[in-house]
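To start, the structure itself, in structure tokens.
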Amino acid sequence: MERTFIAIKPDGVQRGLISEIIARFERKGFKLVAIKIVVPSKGFAQKHYHDLKERPFFNGLCDFLSSGPVVAMVWEGEGVIKYGRKFIGATDPQKSEPGTIRGDLAVVVGRNIIHGSDGPETAKDEINLWFKPEELVAYTSNAEKWIYGVN
Ligand code: GTP
Ligand code: MG
């Protein structure tokens, strides 16, 4: 089953939005298979955002991600990568639709509270960067037959 990496950034943690964000993914029917709270080093943040290293905001972004606790998670479900991004909303909360996490809960691009992998390759790389294989828990939830309608 498809998996994606989701992180609640330091602003989301400090604003008390951990439970709100987890609840949205959980209520949708996605399955939490890994979770931890960590303060990433600046070097780790640079690795996570390596694709953006030429952008003018890169240094500030990495300072910010390493400025406090981050809740790192792996969520599993059909279409979770693409749908997770839709659910999170556009990068700039001023452009995110109401009903999305950023649209409802954030105001500016530099403090948009949550990260989600943008494709299958980045999901794989980010899960490997943030988690050891043994930190991922494979299990069947009783709700799955009701979510997916398997016989
Ligand atoms: P992530 O899920 O965090 O990766 O966001 P994204 O995939 O929607 O956007 P992208 O990967 O392009 O940018 C990563 C992060 O950099 C964003 O979430 C923003 O916090 C920040 N960012 C992107 N564009 C800007 C910008 O123009 N200005 C500032 N200050 N930050 C930006
Ligand atoms: Mg991104």
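The values are calculated or read from the model by the stated rules, or taken from the named source; none is laboratory data. Because the structure is a prediction, the values reported are computed rather than measured. Cβ sites come from the backbone with ideal geometry, for glycine too, and all protein chains shown count toward neighbours.
Of all the residues in region 1-14, those that are more than 23 Å from residue 44 (Cα to Cα) and modelled with pLDDT of 95 or more number 1. Only one entry of 29, 43, 84 meets the criterion of being away from ligand 2 (no atom under 16 Å from the Cβ) and under 15 Å from residue 2 (Cα atoms), and that entry is 29. Listed conditions (1) within 15 Å of ligand 2 (Cβ to nearest atom); (2) over 13 Å from the mean Cα position of the chain (by Cα) are all met by residue 89, apart from (2).
Can you pull out the residues in region 113-143 that are of a type in the set (A, V, I, L, M, F, W, C) and either at pLDDT 95 or above or within 25 Å of residue 93 (Cα to Cα) (or both)? If you could, list the steps in order and put the result at the bottom.
Taking region 113-143 first, the residues of a type in the set (A, V, I, L, M, F, W, C) are 113-114, 123, 127, 129-131, 136-138, 143.
If the condition is that a residue be of a type in the set (A, V, I, L, M, F, W, C) and either at pLDDT 95 or above or within 25 Å of residue 93 (Cα to Cα) (or both), then 113, 114, 123, 127, 129, 130, 131, 136, 137 are the ones that fit.
Only residues that are out of contact with any Asp or Glu (no Cβ under 6 Å at 6 or more places or on another chain) and either part of a loop (DSSP other than H, G, I, E, B) or surrounded by 18 or more Cβ atoms within 10 Å (Cβ to Cβ) (or both) were counted in region 101-137, giving 20.
For region 71-90, what are the residues that are in a loop (DSSP other than H, G, I, E, B) and among the small types (Gly, Ala, Ser)? Walk me through it before giving the result.
First, pick out the residues of region 71-90 that are in a loop (DSSP other than H, G, I, E, B): 77-79, 89-90.
Of everything in region 71-90, those that are in a loop (DSSP other than H, G, I, E, B) and among the small types (Gly, Ala, Ser) turn out to be 77, 79, 89, 90.
No other residue among 40, 98, 93, 56 is touching a strand residue (DSSP E or B) at 6+ places or on another chain (Cβ under 9 Å), assigned to a loop (DSSP other than H, G, I, E, B) and not acidic (Asp, Glu) apart from 40. Note on region 138-148: residues that are in contact (Cβ under 8 Å) with a residue 12 or more places away in the chain, aromatic (Phe, Trp, Tyr) and assigned to a helix (DSSP H, G or I) amount to 1.
Scanning region 1-36 for residues that are of a type outside the set (D, E, K, R) and part of a helix (DSSP H, G or I) yields 10, 12, 13, 14, 18, 19, 21, 22, 23, 25. The residue list 72, 123 contains one member that is farther than 13 Å from residue 25 by Cβ, in contact with a strand residue (DSSP E or B) (Cβ under 7 Å, 6 or more places away or on another chain) and within 12 Å of ligand 2 (Cβ to nearest atom), which is 123. Scan region 59-69 residue by residue and report those that are touching a residue at least 12 places away in the same chain (Cβ under 8 Å) and either more than 17 Å from the chain's Cα centre (by Cα) or away from ligand 2 (no atom under 15 Å from the Cβ) (or both). Hits for region 59-69 are 60, 63, 66, 67, 68, 69. Residue under question is residue 20, and the condition is that it be more than 12 Å from residue 116 (Cβ to Cβ), out of contact with any strand residue (DSSP E or B) (no Cβ under 6 Å at 6 or more places or on another chain), modelled with pLDDT of 95 or more and within 16 Å of ligand 1 (Cβ to nearest atom); does it hold? No, not satisfied.
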